[in-house]
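Engineer: A single structure is presented below for examination.
The values are calculated or read from the model by the stated rules, or taken from the named source; none is laboratory data. All figures in this text were calculated on a predicted structure; none of them were measured in a lab. Heads up, the Cβs are rebuilt from the backbone with ideal geometry, glycines too, and the neighbour counts pull from every protein chain shown. Heavy atoms of the whole protein, side chains included, go into the accessibility calculation; ligands, DNA and RNA do not. Shrake-Rupley method; radii C 1.70, N 1.55, O 1.52, S 1.80 Å.
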Amino acid sequence: MKGQFIVIEGLEGAGKSTAVQTVSDWIAAQQQSYIQVREPGGTPFAEALRDLVKRDWDERVTAEAELLLMYAARVQLVENVIKPALATGQWVVGDRHDLSSRAYQGGGRELGDEMLQTLRGITLKDFQPDLTLYLDIDPVLGLQRAQTRGSLDRIEKQAIAFFQRTRARYLDIARQDPNIVIINAGNELSDVQQQIQRALAIRWPHDD
């Protein structure tokens, strides 16, 4: 089987790290080789851009500047890591991808989808995940979970309305795209893992 690109999406505190491991374990059980990547980041240059995006600054970071940094990091990761891995038959499990920008900057920052689609066309062209699992959670619950991990970064410190707009955009896009599966991330961990495993099994049935 050729390499497949699976992306985990969701708000802060949705449980993306656990979901990435759940997907990775499922892929390993299918005896497929895989790598894990994250956005922004995943290459030395992209990790430097991640630091720029996440840290606090003594000036207002414009929504447009934030968006451009995201796409700069993304295209580095796609071209230098993800595409080469897929070409060798490896599966790739991504912690965030293009849908994050459409939700956070397009929805949360209210930039709209037209600008996002233009940038996507320039940087990613027709490249897209084979499957995206969107972990849906109420922003209030998600942020409560995130706070237990330690101090919040610049984006995590946004007002709750920002995350409500982001979630609304996630759901709007997910409901229109058959390659995006909505996972109820507010449930118990075991249930969330079962939802993920079920989605994977449906997408890639395993012949015993």
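Engineer: Kindly provide the set of residues from the stretch 192-208 that are open to solvent by 40 Å² or more (accessible area, probe 1.4 Å) and either without any contact (Cβ under 8 Å) to a residue 24 or more places away in the chain or more than 19 Å from the chain's Cα centre (by Cα) (or both), ordered by number.
Structural biologist: Listed by number, the residues that qualify are Gln194, Arg198, Ala201, Ile202, Pro205, His206, Asp207, Asp208.
Engineer: Now for a different question. For Leu143, state whether it is free of Cβ contacts under 8 Å to residues at least 60 places away in the same chain and in a helix (DSSP H, G or I). Steps first, answer last, please.
Structural biologist: Numbers: free of Cβ contacts under 8 Å to residues at least 60 places away in the same chain: no; in a helix (DSSP H, G or I): yes.
No.
Engineer: Can you go through Gly41, Gly10, Gly15 and tell me which one is within 11 Å of the chain's Cα centre (by Cα) and among the small types (Gly, Ala, Ser)?
Structural biologist: Details: Gly41 fails: within 11 Å of the chain's Cα centre (by Cα); Gly15 fails: within 11 Å of the chain's Cα centre (by Cα).
Residue meeting the stated conditions: Gly10.
Engineer: I'd like the residue in the stretch 110-145 that is open to solvent by less than 40 Å² (accessible area, probe 1.4 Å) and acidic (Asp, Glu) and, out of all such residues, is nearest to Gly10 (Cα to Cα).
Structural biologist: Looking at the filtered set, the residue picked out is Asp136.
Engineer: Something else: Quick one: is Leu189 open to solvent by 40 Å² or more (accessible area, probe 1.4 Å) and more than 24 Å from Arg109 (Cβ to Cβ)? Let's see the steps before the verdict.
Structural biologist: Working: open to solvent by 40 Å² or more (accessible area, probe 1.4 Å): yes; more than 24 Å from Arg109 (Cβ to Cβ): yes.
When the stated conditions are applied, Leu189 passes them.
Engineer: Pairs under 9 Å by beta carbon, first residue under 9 Å from Thr123 (Cα atoms) and in a helix (DSSP H, G or I) in the stretch 67-80, partner open to solvent by 10 Å² or more (accessible area, probe 1.4 Å) and of a type in the set (Val, Ile, Thr), six or more apart or different chains?
Structural biologist: Tyr71/Ile122; Tyr71/Thr123; Ala72/Thr123; Arg74/Thr123; Val75/Ile122; Val75/Thr123
Engineer: Could you list all residues from the stretch 2-39 that are closer than 14 Å to Thr132 by Cβ, charged (D, E, K, R) and open to solvent by less than 20 Å² (accessible area, probe 1.4 Å)?
Structural biologist: Of everything in the stretch 2-39, those that are closer than 14 Å to Thr132 by Cβ, charged (D, E, K, R) and open to solvent by less than 20 Å² (accessible area, probe 1.4 Å) turn out to be Glu9, Glu39.
Engineer: Return the residue satisfying two criteria in turn: it lies in the stretch 169-208 and is charged (D, E, K, R) and assigned to a helix (DSSP H, G or I), and of such residues it is nearest to Leu131 (Cα to Cα).
Structural biologist: In the first step, residues of the stretch 169-208 are kept if they are charged (D, E, K, R); the result is 169, 172, 175, 177, 188, 191, 198, 203, 207-208.
Filter once more, so that each one left must be assigned to a helix (DSSP H, G or I): 169, 172, 191, 198, 203.
Details: Arg169: 18, Asp172: 17, Asp191: 20, Arg198: 13, Arg203: 8 Å.
Across the stretch 169-208, the extreme among qualifying residues is Arg203.
Engineer: Then there's this: Given the residues Asp25, Asp58, which is the only one that is of a type in the set (D, E, K, R), within 27 Å of Asn187 (Cβ to Cβ) and out of contact with any strand residue (DSSP E or B) (no Cβ under 8 Å at 6 or more places or on another chain)?
Structural biologist: Details: Asp58 fails: within 27 Å of Asn187 (Cβ to Cβ).
None of the other options fit; the residue is Asp25.
Engineer: Scanning for something in contact with a Leu (Cβ under 8 Å, 6 or more places away or on another chain) and within 17 Å of Leu131 (Cβ to Cβ), does the stretch 65-85 turn up at least one residue?
Structural biologist: yes
Engineer: Taking the criterion of being closer than 27 Å to Leu52 by Cα, buried (at least 16 other Cβ atoms within 10 Å of the Cβ) and not β-branched (Val, Ile, Thr), would at least one residue in the stretch 168-185 satisfy it? Break it down stepwise before answering.
Structural biologist: To start, the set of residues in the stretch 168-185 that are closer than 27 Å to Leu52 by Cα comprises 168-170.
Adding the requirement that they be buried (at least 16 other Cβ atoms within 10 Å of the Cβ) leaves 169-170.
Narrowing further to those that are not β-branched (Val, Ile, Thr): 169-170.
Yes, the stretch 168-185 contains at least one residue that is closer than 27 Å to Leu52 by Cα, buried (at least 16 other Cβ atoms within 10 Å of the Cβ) and not β-branched (Val, Ile, Thr).
Engineer: Select from the stretch 86-110 the residues that are within 19 Å of Gln76 (Cα to Cα), acidic (Asp, Glu) and either more than 9 Å from the chain's Cα centre (by Cα) or in a helix (DSSP H, G or I) (or both) and list them in ascending order.
Structural biologist: Asp98 - this is the single residue of the stretch 86-110 that is within 19 Å of Gln76 (Cα to Cα), acidic (Asp, Glu) and either more than 9 Å from the chain's Cα centre (by Cα) or in a helix (DSSP H, G or I) (or both).
Engineer: So the check is Cβ under 8 Å with 6+ separation or different chains; which pairs have a first residue in the stretch 146-164 that's within 16 Å of Leu67 (Cα to Cα) and a second one that's aromatic (Phe, Trp, Tyr)?
Structural biologist: Arg154/Trp57; Ile155/Tyr104
Engineer: Looking at (1) modelled with pLDDT under 90; (2) open to solvent by 40 Å² or more (accessible area, probe 1.4 Å); (3) assigned to a loop (DSSP other than H, G, I, E, B), which one does Glu156 not meet, given that it meets all the others?
Structural biologist: (2)
Engineer: Name the one entry in Thr166, Thr132 that is out of contact with any His (no Cβ under 6 Å at 6 or more places or on another chain), closer than 29 Å to Gln197 by Cα, assigned to a helix (DSSP H, G or I) and of a type in the set (Val, Ile, Thr).
Structural biologist: Working: Thr132 fails: assigned to a helix (DSSP H, G or I).
Every option except Thr166 fails the conditions.
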